[in-house]
Amino acid sequence: MRIVMRALVFAMALDLSPLTIGVIVVVGVLFIAMFGISSAFGGYQGIFDWTQEKPGDQKKR
């Protein structure tokens with residue numbers, strides 16, 4: 001209950017409307033869901049390999 005009260009005080013201090021708070025919550029939940037789906041299917045492996053390449057190797061493609 002304290003967390004909810006702190007969130008409400010924070011939202012009021014920033015002058016956020018209920019619609020804005022709802023959008024923030026929905027986007028946050030969707031981000032976590034998409035991150036979970038990506039992790040479950042191993043989508044992160046290609047990104048990790050890409051970041052380990054040298055800049056010269058990327059230009060050759």
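Check Leu30, Leu19, Leu8 and return the single one that is in a helix (DSSP H, G or I), at pLDDT 75 or above, surrounded by fewer than 10 Cβ atoms within 10 Å (Cβ to Cβ) and within 22 Å of the chain's Cα centre (by Cα). Walk me through how you get there before you give the answer.
Values: Leu30 fails: surrounded by fewer than 10 Cβ atoms within 10 Å (Cβ to Cβ); Leu8 fails: surrounded by fewer than 10 Cβ atoms within 10 Å (Cβ to Cβ).
Criteria check complete, one pass: Leu19.
Is it true that some residue in region 40-50 is out of contact with any Pro (no Cβ under 6 Å at 6 or more places or on another chain), acidic (Asp, Glu) and assigned to a helix (DSSP H, G or I)? Yes: one or more hits.
The values are calculated or read from the model by the stated rules, or taken from the named source; none is laboratory data. For clarity, every value in this text was computed on a predicted model and none was experimentally measured. As a convention, Cβ positions derive from the backbone with ideal geometry for all residues, glycine included, and neighbour counts pool all protein chains shown.
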